[in-house]
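These notes concern the structure reproduced below.
The values are calculated or read from the model by the stated rules, or taken from the named source; none is laboratory data. All values reported here derive from a predicted model rather than from experimental measurement. Glycine gets a Cβ as well: all are built from the backbone with ideal geometry, and neighbour counts include every protein chain shown.
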Amino acid sequence: MTYLISCPGCGDRGVDDYRYGGSVLKRPGYNDDPELWDSYFYLRVNRAGMEKEWWYHRMGCKQWFIAERDSTTNQVHVTYWPGENK
């Protein structure tokens, strides 16, 4: 079974065209406590259900976008460019 992801610029493509970039998280500030940075990089919560994630279209437009994916089914419900409110 091939999963499809719809790039906001290029449309539907197989998941192999993309690179996963991790969950969309708020980054700590430049001068924030090193423990906050440690948590940001290494102490991630692995939730079941809907997640906002970064994806890179490496075989297409070469742009980063956000996908909302259900981690229990791998179904991507919506994709959009960063800065768009969905």
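Every test in (1) at pLDDT below 90; (2) out of contact with any strand residue (DSSP E or B) (no Cβ under 7 Å at 6 or more places or on another chain) is passed by Thr2 save one, and that test is (2). Evaluating Tyr18 against the criteria (1) without any contact (Cβ under 8 Å) to a residue 40 or more places away in the chain; (2) surrounded by 14 or more Cβ atoms within 10 Å (Cβ to Cβ) leaves one unmet condition, (1). Taken together, Gly29, Gly49 contain a single residue that is loosely packed, with under 11 Cβ neighbours inside 10 Å and at positive phi, which is Gly49.
Of Trp55, Trp37, all but one fail to be within 11 Å of the chain's Cα centre (by Cα) and surrounded by 10 or more Cβ atoms within 10 Å (Cβ to Cβ); the exception is Trp55. Taking the criterion of being modelled with pLDDT under 90 and not aliphatic (A, V, I, L, M), the residues of region 39-55 that qualify are Ser39, Tyr40, Phe41, Tyr42, Arg44, Asn46, Arg47.
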